[in-house]
Amino acid sequence: MNTKHSFSGSLRPAEQAPLSVPDSLWRGANKALLTAAAAAVVLLLTGCGGTQASLTAAAGTTKSATPSPTPALIANTACNPLNSQQVSAGATYVCTKDDSGKLVWLESAESKRVTDKIAAAAAAKAAADKAAADKAAADKAAA
């Protein structure tokens, strides 16, 4: 059976649609571009392994998702050794002997005030004791 087939719609290679081969490449490039874009979005959303705090800082927002605990104040609590220092809630505390003789944490300015007051009282007492001793020595010499 000798049948001749004719395809009226067939084109010669030079007459093919100009985007047929590049179109398939273009579609492949679009798939690769879409995949890369999706990977970039996932990477940005996961934060590259960073913590929530670092992501928030990078985004420029400062509101915390959970409130930070208020640091416990250590003022007037027992301490040891004398003159040791500790920073709490942004303030420097010094272990100081207070008026009653107990070692307590005082804010550095308060510690200096208390220490100066105690030193002045001690100097006044020493001066009074010396004056009393000098008077006693003078009275004994006069007799």
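On the stretch given as the stretch 83-110, residues that are part of a loop (DSSP other than H, G, I, E, B) and at pLDDT 90 or above total 3.
Does the stretch 88-128 hold any residues that are of a type in the set (Val, Ile, Thr) and over 29 Å from the mean Cα position of the chain (by Cα), and which are they? Talk me through it step by step, then tell me what you get.
Residues of the stretch 88-128 that are of a type in the set (Val, Ile, Thr), as a first pass: 92, 94, 96, 104, 114-115, 118.
Those that are of a type in the set (Val, Ile, Thr) and over 29 Å from the mean Cα position of the chain (by Cα): Thr96, Val114, Thr115, Ile118.
For every residue, the table says whether it meets (1) part of a loop (DSSP other than H, G, I, E, B); (2) at pLDDT 90 or above; (3) in contact with a helix residue (DSSP H, G or I) (Cβ under 6 Å, 6 or more places away or on another chain); (4) loosely packed, with under 13 Cβ neighbours inside 10 Å.
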site	(1), (2), (3), (4)
Thr66	yes, no, no, yes
Thr70	yes, no, no, yes
Pro81	yes, yes, no, yes
Thr115	no, yes, no, no
Ala123	no, yes, no, yes
Ala128	no, yes, no, yes
Lys135	no, yes, no, yes
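Taking the stretch 92-113 as the range and being of a type outside the set (Lys, Arg) and surrounded by 15 or more Cβ atoms within 10 Å (Cβ to Cβ) as the test, the residues that pass are Tyr93, Val94, Cys95, Thr96, Asp98, Leu103, Val104, Trp105, Leu106, Glu107, Glu110, Ser111.
The values are calculated or read from the model by the stated rules, or taken from the named source; none is laboratory data. It should be emphasised that the depicted structure is a prediction, and the values quoted were computed from it without experimental measurement. Every residue, glycine as well, gets a Cβ built from its backbone with ideal geometry; the counts of neighbours run over all protein chains shown.
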